[in-house]
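A short write-up of the structure that comes next.
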Amino acid sequence: MSSALTVLKEQINNFYLVRRLSVYEVKSANSNNYLGILWEIINPMIQIAIYWFVFGFIILNRGEHFLPWLMAGIVVWFFVNPSITQTSKSVFSRLNMVSKMSFPMSVIPSYVIFAKLYQHLVLLGVIIILLGFTGYLPTVYIIQLPYYVVATVALLFSFGLISSTLSTIIRDFHNMIVSLMKVLFYLTPILWVLDAKDHPVIVNIMKLNPLYYIVDGYRASLLGESWYLIVNWEYTLYFWAVVIVFFLIGSSLHVRFRDRFVDFK
């Protein structure tokens, strides 16, 4: 518990530093491109078009109604996937910088996630506009969307503490994370949907994945379906229990090993 409080205080006390570093991260990532941050919109749009064609018409044959459903769910993945893979390597890829500067190492995963958050918010705005053109105008349910954004950041940071620590100690762990994310994409209801009445056991197993909660919550908010966090309050409690467990484990590992990170250069 003391480790968790230490990490939490470091995030609060260094929030200004996290914000500055995250802005620098965004600028440096797009500095060599003529279109800059626009690529953070162009690339997802190309992938959405491909998935819409392949899964909407060829494999699942769900037609045009598949597009808004796809966009409302996959927008989360474009935030989660790069955040998890890059926070995993965030510490060991910056060990040279860390050894020359004095600031809490726990802010490194934070500012990497915040850099991706800025890009996510831009893409999310574009998706909301596109959904309006497909007939899904914002409803009152959209006011729960900020909650799911915060929930996603909390999950990413909690898991990021674990992955960044283990990847620094054991570099193979980062490769495992990259491979796991490829599998997780198809284990999360982004391209498919199962009826809980027809497949209750499979759906319950799939719901052990906390990203299931996030994706369904985004869809409920963007497509105006329900107050998902209230209707599924048991699932909400499960999600936050997972986040808390991840945070307690991650902060404990991070505080325990961070003084020795430089030794793993």
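List of remarks:
- The lone exception for Val183 - which of (1) of a type outside the set (D, E, K, R); (2) free of Cβ contacts under 8 Å to residues at least 40 places away in the same chain; (3) in a loop (DSSP other than H, G, I, E, B) it fails: (3)
- Selection within the range 1-55 - within 30 Å of Ile244 (Cβ to Cβ), open to solvent by 50 Å² or more (accessible area, probe 1.4 Å), modelled with pLDDT of 85 or more and not hydrophobic (A, V, I, L, M, F, W, C): Thr6, Lys9, Asn13, Tyr16, Arg19, Arg20
- Of all residues making up the range 126-172, the number that are part of a helix (DSSP H, G or I), at pLDDT below 90 and touching a Leu at 6+ places or on another chain (Cβ under 8 Å): 1
- The single condition among (1) surrounded by fewer than 22 Cβ atoms within 10 Å (Cβ to Cβ); (2) farther than 30 Å from Arg171 by Cβ that Met97 does not satisfy is (2).
- Test: residue in the range 236-247 that is closer than 18 Å to Pro82 by Cα and over 17 Å from the mean Cα position of the chain (by Cα): no
- First in the range 241-253 and in contact (Cβ under 8 Å) with a residue 60 or more places away in the chain and surrounded by fewer than 18 Cβ atoms within 10 Å (Cβ to Cβ), second anywhere and of a type in the set (S, T, N, Q) and not in a helix (DSSP H, G or I), Cβ under 9 Å, 6 or more apart: none
- Set Met206, Met176, Met181: member being surrounded by 12 or more Cβ atoms within 10 Å (Cβ to Cβ) and touching a Pro at 6+ places or on another chain (Cβ under 9 Å): Met206
- Evaluating Phe114 against the criteria (1) under 20 Å from Val26 (Cα atoms); (2) free of Cβ contacts under 8 Å to residues at least 60 places away in the same chain leaves one unmet condition, (2).
- For the range 158-171, residues that are open to solvent by 10 Å² or more (accessible area, probe 1.4 Å) and farther than 18 Å from Asn209 by Cβ total 4.
- Test: residue in the range 209-218 that is modelled with pLDDT of 90 or more, in a helix (DSSP H, G or I), under 20 Å from the mean Cα position of the chain (by Cα) and among the polar types (S, T, N, Q): no
The values are calculated or read from the model by the stated rules, or taken from the named source; none is laboratory data. Predicted, not measured: the structure shown is a model, and the values here were computed from it. Every residue, glycine among them, receives a Cβ derived from its backbone with ideal geometry; neighbour counts consider all protein chains shown. Areas reflect the complete protein model, heavy atoms only, side chains present, ligands, DNA and RNA absent. Shrake-Rupley method; radii C 1.70, N 1.55, O 1.52, S 1.80 Å.
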